[in-house]
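Here is the structure we will look at, set down as structure tokens.
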Amino acid sequence: AAIVLLHGATSNREAITGYAEVLQREGFGVLALDLRGHGESGGDGVNSFGWDGSADVGAAVEYLAAQNGVSRIGALGLSLGGEVLLHAAASYPEIEAVMTDGATFLSLEDYLALPANRSFVHSYTNRVVFATAEVFGGPPPEERIVDSIVKARDTRFLLVAGGAVKNEVDYNSLFAKLDESRCDLWIAEGAGHTEAFSRDPEGYAQRMTGFFEA
């Protein structure tokens, strides 16, 4: 089994070395890549929003499928990387298990999926930000995260939210309720954004490897 690893926004694959080492130690293959507009990959501007990230996921799947000995594919994404994976889940059923940590929203439509965010006053700033990004960088993903999760009927999800970040808890609770038979929610008590691993490396490793082994 090989695991695709995706970093967060304004970061690169070097930031997820610790996760890769744990997975490799447990016998998994690992493919860690720089999303477009990050690290050594080309692209800039709107690429920091991850709107074209599904194509990067597709390239990773195609690469792994061509490798001798790879029979199962999973994926782990942090923050932006998690949001990219959730958007891509329905398009790439080859990824049978998806773990995300700190994922929330990638586009305005994702943002509005949370009922508390739907009033114009509450959403005004994000409407302006995403409209500006669309003018200069092209359209956002057509499908919402919530729709992709529902359509990925054969994919299992482990959704990690920092317990100290209400936004993360709210979004991941929403995602988990879409199909509780396939979506497991872990609220890491006291953790900030993507802090669960650094706060409890051993406990995180057990949950992560246990999920992928299952």
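Identify, from the list Ala65, Ala55, Ala9, Ala59, the residue that is open to solvent by 60 Å² or more (accessible area, probe 1.4 Å) and within 30 Å of Pro139 (Cα to Cα). Let's see the steps before the verdict.
Values: Ala55 fails: open to solvent by 60 Å² or more (accessible area, probe 1.4 Å); Ala9 fails: open to solvent by 60 Å² or more (accessible area, probe 1.4 Å); Ala59 fails: open to solvent by 60 Å² or more (accessible area, probe 1.4 Å).
One residue alone meets the criteria, Ala65.
This table checks each residue for (1) under 23 Å from Val169 (Cα atoms); (2) in contact with an Asp or Glu (Cβ under 9 Å, 6 or more places away or on another chain).
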position: Ile16; (1), (2): yes, no
position: Glu21; (1), (2): no, no
position: Ala32; (1), (2): no, yes
position: Leu35; (1), (2): no, yes
position: Leu76; (1), (2): yes, yes
position: Gly82; (1), (2): yes, yes
All positions within segment 4-41 that are in a loop (DSSP other than H, G, I, E, B), at pLDDT 90 or above and touching a Lys or Arg at 6+ places or on another chain (Cβ under 7 Å): His7, Asp34
Name the residue that is least open to solvent (accessible area, probe 1.4 Å), counting only residues in segment 17-40 that are under 20 Å from Leu106 (Cα atoms) and in contact with a Leu (Cβ under 8 Å, 6 or more places away or on another chain). Leu35
Could you list, in sequence order, all residues of segment 183-213 that are more than 13 Å from Val22 (Cβ to Cβ), over 18 Å from the mean Cα position of the chain (by Cα) and in contact (Cβ under 8 Å) with a residue 12 or more places away in the chain? Glu189, Gly190
So Ala88 fits all but one of (1) open to solvent by 10 Å² or more (accessible area, probe 1.4 Å); (2) touching a residue at least 60 places away in the same chain (Cβ under 8 Å); (3) among the hydrophobic types (A, V, I, L, M, F, W, C); what number is the exception? (1)
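Counting just the residues of segment 42-52 that are open to solvent by 40 Å² or more (accessible area, probe 1.4 Å) and not in a helix (DSSP H, G or I), which one comes out modelled with the highest pLDDT? It would help to see each step written out before you state the result.
Here is the first cut: in segment 42-52, the ones open to solvent by 40 Å² or more (accessible area, probe 1.4 Å) are 42-45, 48-49, 52.
If we keep only those that are not in a helix (DSSP H, G or I) too, we end up with 42-44, 52.
Working: Gly42: 79, Gly43: 75, Asp44: 62, Asp52: 86.
Among those residues, the one meeting the criterion is Asp52.
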So, first residue under 11 Å from Gly82 (Cα atoms) in segment 156-176, second residue outside any helix (DSSP H, G or I) and among the acidic types (Asp, Glu), Cβ within less than 6 Å, six or more apart or across chains; the pairs are Leu158/Asp184; Val160/Asp101
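The values are calculated or read from the model by the stated rules, or taken from the named source; none is laboratory data. In this text, all values refer to a predicted model and were calculated from it rather than measured experimentally. So basically every Cβ, Gly included, is an ideal-geometry build from the backbone, and we count neighbours across all protein chains shown. All accessible areas refer to the heavy atoms of the entire protein, side chains included, with ligands and DNA or RNA removed. Shrake-Rupley method; radii C 1.70, N 1.55, O 1.52, S 1.80 Å.
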